[in-house]
Each structure stands twice: as structure tokens, then as C-alpha cells.
Amino acid sequence: MKRSVNFSFHHMVRIPEPELMEDPTQVESYANADFETAHSFLIRKFQDRLPQRFVPESILDLGCGPGDMSSRLYLQFPMANFTFLDGSEFMLDLCKKRMDTLDSEKRNNKIDFKKELIQDFVPESPYDLVFSNSLLHHIHDPFQFWGAIQRSIHNDSFIFISDLMRPDSLTQTNQLIERYANNEPEILKRDFYNSLLAAYRIEEVKEMLEIVRLDTKLNVEPVTDRHWICYTKPR
């Protein structure tokens, strides 16, 4: 039976966007955008919440996109085996190119790039670390996302997810565009606008976690005026 969730929208209703970025111009614009401030901040939040002396042997990056976050993960855990998954061939190609620029000499780790939709992804074995940034808001059925997470973990896996948070109104959405994308190309402004409208709110994410019974395992919290993070609770 297909699970469903009846969100009570006290705020702006979610407007889904396409699941995959497959327009080359759109992909190139996204890949060339300046995410340094936001991504550095989110990686610091990730590092702050990792268990002490945590050294994962296997890492899954769900929805790796053009690889900016992927490269940061790789540099932090250079000896781990990595799986980078994305449904867009253009995105995956950009991720491969970015990873090729990193120094990989004298490293014996295995790197897999998988062009797959998350609903089709069945890992051969679970991962020690499952990471995902800005994927959930692209998924029309959010339970396909959480299903992929659940298929990819073991009891001691660490999960870290970050994504955008839907604003309360179109006015607030436009203010965020002006604040964070004012100098970006129009195509990127439009993507950011659509992504904000497609994003989930904290209370919606919490309700999803209750339904899939991950609420006792994962914390969810807002970390900026437009981002939330979800991560494995400390033991």
C-alpha cells in the first residue's frame, strides 16, 4: 500500500519542481554558481555533529549533483570508498570531472559513480555514512527518498541530510532571492525561486520521519533562514 502524508498547510503550499536537472544550460549555471558560503557552513555543521573518532570506510552521496559537496566529503575522508549517485547524466559528468581534479595518488579507495534514480537504488551493502544535500526538495514522493536512506544504512551508520526550507510567503521568497542570489544569472535566480517553493518545511520533515519511524534516530533543526539539517542523534 502506498504511504501518504496529509500535511496541514498553515503556510505557503509546496509547488514541486522537476526531479532532474537535465537542461545543459541549467546544469552549467548551477555548477558555476557560488555556493562557497552556504556549502562551507553546512559542511561545518556536518563536522560538528559527527561522532568522535568516526572514520567511515564507505560513504554514499545521494544526489551528488556537480560534486561541490562531494569533493569536500572526499577531502575529509580520503581513504573511504565512495558512491556518488545522481539521476542526471550531466550532473554526474560534472561530478566526475571535479573528482578527477583532486589528488588521488597513493590512494586505494574505490569510487563509483551511479546514474540512477533513488527509487531504483538498491545498494549491494550498507554504508557507514549516508550524506545528501539539496535532493529531497526535488523528489515528488518524499518517501522514495527516505526509503533509499533506509535501504542504505546499518545500525551504526551516520546520516546527514541538508536541504532548503520553504518560506512562509512569496514576499519572503523574493527577499531570500534578493539577499542571496542578487548577482547571479536570471536562470539561477529562477532555479533558486523554484527550489524554495518546492522545499519542505521543518514540521513536514518531522512528520515524514514519524511515518517512516526514523524520528527516534534522527534530529531535525533549522540552521539558517533557508536551510535545515537532519542527522543521526548522538548516542
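The values are calculated or read from the model by the stated rules, or taken from the named source; none is laboratory data. In this text the structure is predicted, and so the values were computed from the model without any measurement. Positions of Cβ are generated from backbone atoms using ideal geometry, with glycine treated the same way; all protein chains shown enter the neighbour counts. Quick note on the areas: whole protein, heavy atoms, side chains included, nothing else; ligands and nucleic acids left out. Shrake-Rupley method; radii C 1.70, N 1.55, O 1.52, S 1.80 Å.
Things worth noting here:
- Test for TRP146: is it open to solvent by less than 20 Å² (accessible area, probe 1.4 Å), modelled with pLDDT of 95 or more and over 19 Å from ILE43 (Cβ atoms): yes
- Among the candidates GLY67, GLY87, residue that is modelled with pLDDT under 95, crowded, with 21+ Cβ neighbours inside 10 Å and at positive phi: GLY67
- Flag for ASP128 being charged (D, E, K, R) and either surrounded by 21 or more Cβ atoms within 10 Å (Cβ to Cβ) or in a loop (DSSP other than H, G, I, E, B) (or both): no
- Qualifying residue in region 167-187 (condition: within 16 Å of ASN133 (Cα to Cα) and in contact (Cβ under 8 Å) with a residue 60 or more places away in the chain): no
- Scanning region 144-168 for residues that are within 16 Å of ILE118 (Cβ to Cβ) and aliphatic (A, V, I, L, M) returns ALA148, ILE149, ILE153, ILE159, ILE161.
- Looking across region 149-169, the residues that are assigned to a loop (DSSP other than H, G, I, E, B) and hydroxyl-bearing (Ser, Thr, Tyr) come down to SER152, SER169.
- Note on region 86-102: residues that are under 16 Å from LEU135 (Cβ atoms) and among the aliphatic types (A, V, I, L, M) total 3.
- Flag for PRO78 being of a type outside the set (D, E, K, R) and buried (at least 19 other Cβ atoms within 10 Å of the Cβ): no
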